[in-house]
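Worksheet for the structure shown next.
What follows draws every value from the coordinates through simple rules; no lab data is involved. Values in this document were obtained by computation on a predicted structure and should not be read as measured data. Counting neighbours? That spans all protein chains shown, and the Cβs are built from the backbone with ideal geometry, glycine included.
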Amino acid sequence: MAESDNTQLVPPTLANGAADFHVLVAEEEGPVNWARYYDGTQQPVCDIELRPNDQPSVPPERCRDCPGALSPWPDRVCVRRKCDTCGHLRHDVSDDPATGPLVRKGEEIVVPGAVLRANLFLTRGASFSQRGVDWLAKLLFPKPIGLVPSEPHFETGLTELAEEAESILTACPLLQEVDRSTEEGFAAAAKILSDNPIDPGLMALLVNTKARVLLESLRDHPETPPVTIAALAWSTAVAASLLRFKVAFEEAAYRGHSFEKIRRLVSEWDKNQLNDSEKFWQELLLANPFALSQLLASPLVIHGERYLVGGIRAGGKHGKFADYLLRNQLTDAAVIVEIKTPCTPLLYETPYRSDVYVPSRELSGAVQQAIEQRAQFMKQMQTLQAEQEDHEPRVEVVEPHCVVIAGNTKPQLTTRTTRRAFEAYRTELRSIRVVTFDELFAKLSGLAGLLGAQKDGAA
């Protein structure tokens, strides 16, 4: 929602669970749907959507003289104002739990600390400036609990880590029907989470188990050697840091990594548009297979490069190879890709007749090559699959899609007539898709722009 519609002024620091509520002051009239946080130097670090908690708590006590709540809501943002009926301070929320209340300028807004902490992540809509990433790291990765029980906050720190991990496990949708209190249930939970390593539940299970084992050793086994206590404490703290990274930073790190890969690939295109080496472009796209997934609206992986799709006669001659054989990750359908260069002419420069342009020899040859490769693939694939091991990935023997990547529209199709001629030609191909290099990289540039915007605004 636009900044002008959200008018709260936020205090400079976020209490790490110490304060139950934060009282803000509205600068303008409007709905309260997000909060902006500042660091100790009053620099903005993040914007947080104020969504209610996923697990609503018990509503506060109501006034006997009016419908207002006498105390703040523990799981929702409310506005605190004096009641015209009874004179008490009442705490009003929006009728719609998904939105914040309407406030007037100067009114007090009460935000539960639990709501702020629950929304302090990218997956809940929070966005961070570059300065904010450092701020969040200092917030989430406090000083270690220590290595010996005599250090301040050692046991309380362990208890907090165990409770933090337990809350993640309780909310984990993969474990809703698993009873972790039994030995069998714990083993089942560990197996489920091990099979889903992206979910933070596995790391939460590790933190919870380590912290509770250490607490049990302190209470029930005082004879435990100090070196054992120190090792357990160290490994628990490391696991807790990894858990917090996974919850708060992993998505941002992945976005940033993806953005940089795409940005570098687009940069290679910008520098090499006049490169006429097929080998260069084949190797570049092989090193960045995600680019080829932009060719079709389906998730593709490389099944093979320089893939044999036709038979070889005696002496090793006349084998037909596709530059790439891609495989749809969901259906195992094959996609044959033939790669030329951006310098491959799309049309003959001289019209066949007045204003009638025809495809170039190089383009029509690449299209015919793809057609021949598909025919050979259909003829040979059943034999090749019979020789595969059961564990090897395979493609389905159905008529594959064929894609030819060639040419560059901007320098080659300079008039409306040539652009129409090229579009008419590739539209009539139907079973063969022709994609130019600049079209492919334009898609990647758009994706980089999307990820870049998220990176700049959301860590």
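Which pairs, out of 379/443; 279/379; 340/379; 261/410, put more than 32 Å between their alpha-carbon atoms?
Exceeds cut-off: 379/443.
If you count, for each residue, the other Cβ atoms within 10 Å and average over each peptide, how do 157-163, 224-230, 95-101, 76-82 line up from highest to lowest?
76-82, 157-163, 95-101, 224-230
For residue 23 and residue 114, calculate 0.36 nm times their separation in residues minus their Cα-Cα distance, and state this gained length in nm to one decimal.
31.4 nm
Given H placed 1.01 Å from N in the peptide plane, which residues other than close sequence neighbours of residue 333 have an amide H under 5 Å from its amide H?
Sorted by chain and number, the residues that satisfy this are 328, 396.
For residue 191 and residue 273 in one chain, what is 0.36 nm times their gap in residues minus the Cα-Cα distance, to one decimal in nm?
Result: 24.5 nm gained on full extension.
List, largest first, the extents of the alpha carbons of the stretch 141-248 along their principal axes, each in whole Å.
On the principal axes, the stretch 141-248 reaches 39, 30, 18 Å in Cα extent.
Along Cα→Cβ, 7 Å out, is where each label goes; now give me the distance between the ones at residue 105 and residue 427 in nm to one decimal.
Roughly 5.7 nm, to one decimal.
Compute the distance in nm between two label points, each set 7 Å from the Cα along the Cα-to-Cβ direction, one at residue 352 and one at residue 182.
A separation of 7.5 nm, rounded to one decimal place.
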